[in-house]
Amino acid sequence: MIQKVLPFFGILLLLSNGGCKKTTPSEQVLEKDTTIDDLSLCREGVIEYEIKTVKAVASNPQNRSKIIAEVHIKYPELRCANTKLRTSVGNYISNFIENELKDNMNAEDTARAKTITTASKAFIRSCKSNIADAKKEDPDMDQVWYCDVIGNVEMQSGNYFTIRLKYNSYTGGAHGNYGEDYATFNITTGKKIQWSDLLADADKFTKLAELRFKQVNGMPAAKKLTEDEGFSFDNDKFYLSENFGLTTDGLIIYYTPYQVAPYSFGATILQFKYFEISDYLNPALFEEAM
C-alpha cells in the first residue's frame, strides 16, 4: 500500500532538540567521546542525536589571560539512525566544518586538517602566525580572530531529515564572514535531496522564486537582476541556490553574502509555505511505503 505523506499537510514527527553538552578547559582542544548504549536512546520513528563540542583557543604570549583567537563548534552526531543516513549526515557535517576552517587558514596548516579537531588546531596555529604578522603593520590591532559553527537538527519527518549549520568567522580585514547552510536527507537512503528530486516543474518554480527574491530585496517584479541593480547573476539570469532545505514550516532557500550580491546586501533568505508550492513539488518525493 502506498500512502502519500506531504509535509504541507503538517504530517511531521516530533523534532528532537535534546542532546548532551559538555564544556572543555579553555586551553585545550577536546572532542567529547562518551560511550553510550545506542539502543537505550532509541525510540521508534525518532532519530536521536548527541551534540558534540569542539573548542580551541590561543592566548596572547605577553598576556595569557587575553584571548587572541578561538574556535567554537557544536554539531549533532546521529545515534539512532540507519548506517546510510548516519554516514551521509556525518560526512556532510564534517566536510562542511573542516572546509569552513580551512578557508581561513594557511596552506601549510590546511594540509594538517584531517578531522574537525585537527582542523580546529590548525586554524588556531594559522591565526597565531597571521595575527603576529598583522601586528607588525598595526600594533594596535586588538580584534579577536575566530570561527564559530553551530549545527542543529532543523527538521525530521517520516521521510526526511534536515540539518542547518550557522557559521561566523573573522580572520582580519574589514569584516567577518557569516551565513547558514541547509541540507535535507532521505532517511531511508541517506541521499542528500537535490532540486531534481524536489521539483516537478523546475522552470515554473524558478520563476516564482525569482519574484520572491525581488520582493525580499525591495525590487519591482518588472526589474531585471542586473549589475546596475547590484546583483551578479551570470548573464543577469536568476538561478536557484543549491543551499536549501525542507523545514517544519516549508522550504527555505539561502543566498549567502557575496553569492549574488555585495556583502553590504547581506544574505537573502527565501521562505515558502508548503501550500504555496504544492503544485511545483514532485509527489513521488513524499510517498511512503506502508
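The values are calculated or read from the model by the stated rules, or taken from the named source; none is laboratory data. These numbers come from a predicted model, not from an experiment. In this analysis, Cβ positions are derived from the backbone assuming ideal geometry, glycine residues included, and neighbour counts consider all displayed protein chains.
Can we say Leu251 is touching a residue at least 24 places away in the same chain (Cβ under 8 Å), surrounded by fewer than 20 Cβ atoms within 10 Å (Cβ to Cβ) and either within 29 Å of Ser169 (Cβ to Cβ) or not acidic (Asp, Glu) (or both)?
Working: touching a residue at least 24 places away in the same chain (Cβ under 8 Å): yes; surrounded by fewer than 20 Cβ atoms within 10 Å (Cβ to Cβ): no; either within 29 Å of Ser169 (Cβ to Cβ) or not acidic (Asp, Glu) (or both): yes.
No: the conditions fail for Leu251.
For Ser129, indicate whether it is in the same structural domain as Asn63 (by TED's automatic domain parsing) and part of a helix (DSSP H, G or I). Don't jump to the end; show me each part of the working.
Working: in the same structural domain as Asn63 (by TED's automatic domain parsing): yes; part of a helix (DSSP H, G or I): yes.
Yes, satisfied.
Residue-by-condition table, conditions (1) among the small types (Gly, Ala, Ser); (2) at pLDDT 95 or above; (3) within 25 Å of the chain's Cα centre (by Cα):
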site: His175; (1), (2), (3): no, no, yes
site: Phe185; (1), (2), (3): no, yes, yes
site: Thr188; (1), (2), (3): no, no, yes
site: Asp203; (1), (2), (3): no, yes, no
site: Lys207; (1), (2), (3): no, yes, no
site: Glu210; (1), (2), (3): no, yes, yes
site: Ala222; (1), (2), (3): yes, no, no
site: Asp234; (1), (2), (3): no, no, yes
site: Tyr239; (1), (2), (3): no, yes, yes
Being in contact (Cβ under 8 Å) with a residue 12 or more places away in the chain and outside any strand (DSSP E or B), is that true of even one residue in the stretch 162-173? yes
Could you list all residues from the stretch 174-204 that are on the phi < 0 side of the Ramachandran plot and part of a loop (DSSP other than H, G, I, E, B)? Ala174, His175, Gly176, Ile187, Thr188, Thr189, Lys191, Ile193, Gln194, Ala200, Asp201
Does the stretch 124-146 contain any residue that is in contact with a strand residue (DSSP E or B) (Cβ under 9 Å, 6 or more places away or on another chain), closer than 27 Å to Arg86 by Cα and either of a type outside the set (Asp, Glu) or at pLDDT 95 or above (or both)? no
Given Pro283, Pro262, which one is touching a strand residue (DSSP E or B) at 6+ places or on another chain (Cβ under 7 Å), of a type outside the set (Ser, Thr, Tyr), more than 24 Å from Ile163 (Cβ to Cβ) and surrounded by fewer than 16 Cβ atoms within 10 Å (Cβ to Cβ)? Pro283
In the stretch 90-104, how many residues are in contact (Cβ under 8 Å) with a residue 60 or more places away in the chain and in contact with a Ser or Thr (Cβ under 6 Å, 6 or more places away or on another chain)? 1
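Suppose we keep only residues that are touching a strand residue (DSSP E or B) at 6+ places or on another chain (Cβ under 9 Å) and assigned to a loop (DSSP other than H, G, I, E, B) within the stretch 35-55. Which one would you say is modelled with the lowest pLDDT? Give the derivation first.
Of the stretch 35-55, the ones touching a strand residue (DSSP E or B) at 6+ places or on another chain (Cβ under 9 Å) are 36, 41, 46-55.
Okay, now just the ones that are also assigned to a loop (DSSP other than H, G, I, E, B), so 36, 47-48.
Numbers: Ile36: 42, Ile47: 88, Glu48: 89.
Across the stretch 35-55, the extreme among qualifying residues is Ile36.
Among the residues of the stretch 168-175, are any within 29 Å of Thr87 (Cβ to Cβ) and assigned by TED's automatic domain parsing to the domain that holds Lys102? Spell out the reasoning first.
Step one: list which residues in the stretch 168-175 are within 29 Å of Thr87 (Cβ to Cβ), which gives 168-169.
When the remaining residues are screened for being assigned by TED's automatic domain parsing to the domain that holds Lys102, the result is 168-169.
Scanning the stretch 168-175, I find at least one residue that is within 29 Å of Thr87 (Cβ to Cβ) and assigned by TED's automatic domain parsing to the domain that holds Lys102, so the answer is yes.
Tally time: how many residues in the stretch 265-290 are at pLDDT 90 or above and either part of a strand (DSSP E or B) or farther than 20 Å from Ser196 by Cβ (or both)? Reasoning before the result, please.
Step one: list which residues in the stretch 265-290 are at pLDDT 90 or above, which gives 265-282.
So of that shortlist, the ones also either part of a strand (DSSP E or B) or farther than 20 Å from Ser196 by Cβ (or both) come out as 265-273, 275-276, 281.
So the answer is 12.
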So, in the stretch 56-94, exactly how many residues are assigned to a strand (DSSP E or B), within 22 Å of the chain's Cα centre (by Cα) and modelled with pLDDT under 90? 0
